[in-house]
1. I need the full set of residues from region 1-54 which are touching a helix residue (DSSP H, G or I) at 6+ places or on another chain (Cβ under 9 Å), under 20 Å from L77 (Cβ atoms) and of a type in the set (S, T, N, Q), in order please.
2. List every residue pair whose Cβ atoms lie under 8 Å apart, where the two residues are 6 or more positions apart in sequence or sit on different chains, the first residue falls within region 113-130 and is farther than 12 Å from Q86 by Cα and at pLDDT below 90, and the second residue, located anywhere, is exposed (fewer than 15 other Cβ atoms within 10 Å of the Cβ) and not charged (D, E, K, R).
3. Anything in region 1-21 that is surrounded by 12 or more Cβ atoms within 10 Å (Cβ to Cβ) and over 19 Å from F39 (Cβ atoms)? List them, or say none.
4. With the requirement that a residue be over 11 Å from R79 (Cα atoms) and among the β-branched types (V, I, T), what does region 55-67 give you?
5. Take residues that are closer than 18 Å to M1 by Cβ and under 12 Å from the mean Cα position of the chain (by Cα) and tell me which of the helices (runs of 4 or more DSSP H) falling wholly in region 11-130 contain 1 or more.
Amino acid sequence: MARELALQALFSVEVGHRDPAEVLDEYLATFSESAHRLFVKDLVLGTLEHVQESDSAIAPLLQGWTIERLPTIDRLLLRMGTYELQHHPQTPRPVIINEAVELAKRFSTEDSGRFVNGVLSALTQANGHA
């Protein structure tokens, strides 16, 4: 649920060109538990803050695609997953990847789940985390 809310907030920022703080205030009003609120806020702000770092890590793994040409949801999930993989070592890698894959299947194209899984798995392997 928290990752889904973070994805929705990121989408609102990206597509709606909205202010991240404003979007977070709006989206976090639905969450009562403070731990979830902090996690969503960290995912959204961390993903936005580390876009260039994430894009640099993802770009070589796209095989014939550019980041700009990816479906918006896929791009956001790859950036969010990359941020979490690189900045949340306490979270098991398979959990991060599985959550991103499930969100891709639910909110993006038919092939997005497989694509997101392949890129994030390759990134994990490239960084020495099997």
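1. Of everything in region 1-54, those that are touching a helix residue (DSSP H, G or I) at 6+ places or on another chain (Cβ under 9 Å), under 20 Å from L77 (Cβ atoms) and of a type in the set (S, T, N, Q) turn out to be Q8, S12, T47, S54.
2. Listed pairs, sorted by first residue: none to list.
3. Passing the criteria: E14, R18.
4. Step one: filter region 55-67 for residues over 11 Å from R79 (Cα atoms), giving 60-66.
Result: T66, single match.
5. It comes to 34-49, 72-87, 93-107.
The values are calculated or read from the model by the stated rules, or taken from the named source; none is laboratory data. Here the structure is a predicted model, which is why all the values come from computation and not from measurement. Ideal geometry is used to build each Cβ from the backbone, glycine not excepted, and the neighbour counts take in all protein chains shown.
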